[in-house]
Amino acid sequence: MQKFSRNQRITAITKTLIENPNKVINLNKFTDMFNAAKSTISEDIVVVRETLDILSMGSIETISGAAGGIKYIWNFRRKSK
């Protein structure tokens, strides 16, 4: 299976989340997609979460439990400069 760079994973995770707002996405989807460990995917999600927060483009919520995962919450408010 192909090895993906961190930049490729972060880009694909961001695209997937933005295309599926308010939908819970299990981390197994990403581990299977990239053939990567959950810890690696979790580190990538931290980068996505921080970037979206800095740019006021929304947030990523973590859902615990068996049916858990992450979901993107769109934010239409922009920070004032």
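Check whether at least one residue in region 3-13 is modelled with pLDDT under 95 and not charged (D, E, K, R), and report yes or no.
no
If you check every pair at least six apart or on different chains, which have Cβ atoms under 8 Å apart with a residue in region 41-55 that is more than 12 Å from Thr14 (Cβ to Cβ) first and a residue that is surrounded by 12 or more Cβ atoms within 10 Å (Cβ to Cβ) second?
Ile41/Arg9; Ile41/Ile13; Ile41/Leu27; Ile41/Phe30; Ile41/Thr31; Ile41/Phe34; Ser42/Leu27; Asp53/Ser59
Residues are listed down the side, and each one gets a yes or a no for (1) more than 10 Å from the chain's Cα centre (by Cα); (2) farther than 17 Å from Gly68 by Cα:
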| site | (1), (2) |
| --- | --- |
| Met1 | yes, yes |
| Ser5 | yes, yes |
| Thr16 | no, no |
| Glu19 | yes, yes |
| Val24 | yes, no |
| Asn35 | yes, yes |
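Within region 24-40, take every residue that is of a type in the set (Val, Ile, Thr) and assigned to a helix (DSSP H, G or I) and give me the one that is least open to solvent (accessible area, probe 1.4 Å). Outline the logic, then answer.
Residues of region 24-40 of a type in the set (Val, Ile, Thr): 24-25, 31, 40.
Filter once more, keeping what is assigned to a helix (DSSP H, G or I): 31, 40.
On the way: Thr31: 19, Thr40: 42 Å².
If we take residues in region 24-40 being of a type in the set (Val, Ile, Thr) and assigned to a helix (DSSP H, G or I), then Thr31 is least open to solvent (accessible area, probe 1.4 Å).
Checking Glu61 against (1) in contact with a helix residue (DSSP H, G or I) (Cβ under 9 Å, 6 or more places away or on another chain); (2) modelled with pLDDT of 95 or more, which single condition isn't satisfied?
(1)
Going through region 41-73 one residue at a time, which ones are more than 12 Å from the chain's Cα centre (by Cα) and open to solvent by less than 70 Å² (accessible area, probe 1.4 Å)?
Listed by number, the residues that qualify are Ser56, Ile63, Gly65, Gly68.
The values are calculated or read from the model by the stated rules, or taken from the named source; none is laboratory data. Nothing here was measured: the structure is a model prediction, and the numbers come from that model. When we count neighbours, we look across all protein chains shown, and the Cβ atoms used for this are built from the backbone with ideal geometry, even at glycine. Each accessible area value is taken on the protein alone, full model and side chains, heavy atoms only, with ligands, DNA and RNA left out. Shrake-Rupley method; radii C 1.70, N 1.55, O 1.52, S 1.80 Å.
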